[in-house]
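Asker: I'd like to ask you about the structure that follows.
The values are calculated or read from the model by the stated rules, or taken from the named source; none is laboratory data. For clarity, every value in this text was computed on a predicted model and none was experimentally measured. No Cβ is skipped: glycine too gets one built from the backbone with ideal geometry, and neighbour counts run over all protein chains shown.
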Amino acid sequence: MLNHPMLGWGGEESKIYNYFKKLSETASNDELYFFARHGSNSLRIYSSEELLRRNDKRFLNIYKFYSEDPLFITYHMGCNGSRKDMTQLLKNEIF
């Protein structure tokens, strides 16, 4: 079984993630930071992860924000459903 946050039920990449990949090609770090704070749940996760990949120091602000004010997200990874808070998801990207 494939286990990756960007994959859908049949093992293909999720449409939402593909839309985000296109968006991230042109989005500035400021826009990604805004999305990480105010977007939909998927947009918050993907934008935060992209800020980390871009080595934007505001990633730490995002992490601190969600540590102090937890956001619990229900999501699917492959065939498995799960509920985690945003900081748990972001920790997975760091380690």
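Asker: Kindly indicate whether ARG83 is closer than 22 Å to LEU23 by Cα and out of contact with any His (no Cβ under 6 Å at 6 or more places or on another chain).
Answerer: No, not satisfied.
Asker: Another question, then. Search region 27-61 for residues being hydrophobic (A, V, I, L, M, F, W, C) and either touching a residue at least 40 places away in the same chain (Cβ under 8 Å) or out of contact with any helix residue (DSSP H, G or I) (no Cβ under 9 Å at 6 or more places or on another chain) (or both), and hand back the single one that is surrounded by the fewest Cβ atoms within 10 Å (Cβ to Cβ).
Answerer: So the residue we want is LEU60.
Asker: Also, I was wondering about something else. Please specify each residue of region 62-91 satisfying the condition of being modelled with pLDDT of 90 or more, of a type in the set (S, T, N, Q) and surrounded by fewer than 14 Cβ atoms within 10 Å (Cβ to Cβ).
Answerer: Within region 62-91, SER67 is the sole residue that qualifies.
Asker: A further question on this structure: Starting from region 12-26, take each residue that is surrounded by fewer than 13 Cβ atoms within 10 Å (Cβ to Cβ) and list its partners that are not basic (Lys, Arg), counting only C-beta distances under 7 angstrom and pairs at least six apart or across chains.
Answerer: The qualifying pairs are GLU13/MET6; GLU13/LEU7.
Asker: Also: Taking TYR75 as the residue in question, decide whether it is touching a residue at least 60 places away in the same chain (Cβ under 8 Å) and among the aromatic types (Phe, Trp, Tyr).
Answerer: Against the criterion (touching a residue at least 60 places away in the same chain (Cβ under 8 Å) and among the aromatic types (Phe, Trp, Tyr)), TYR75 qualifies.
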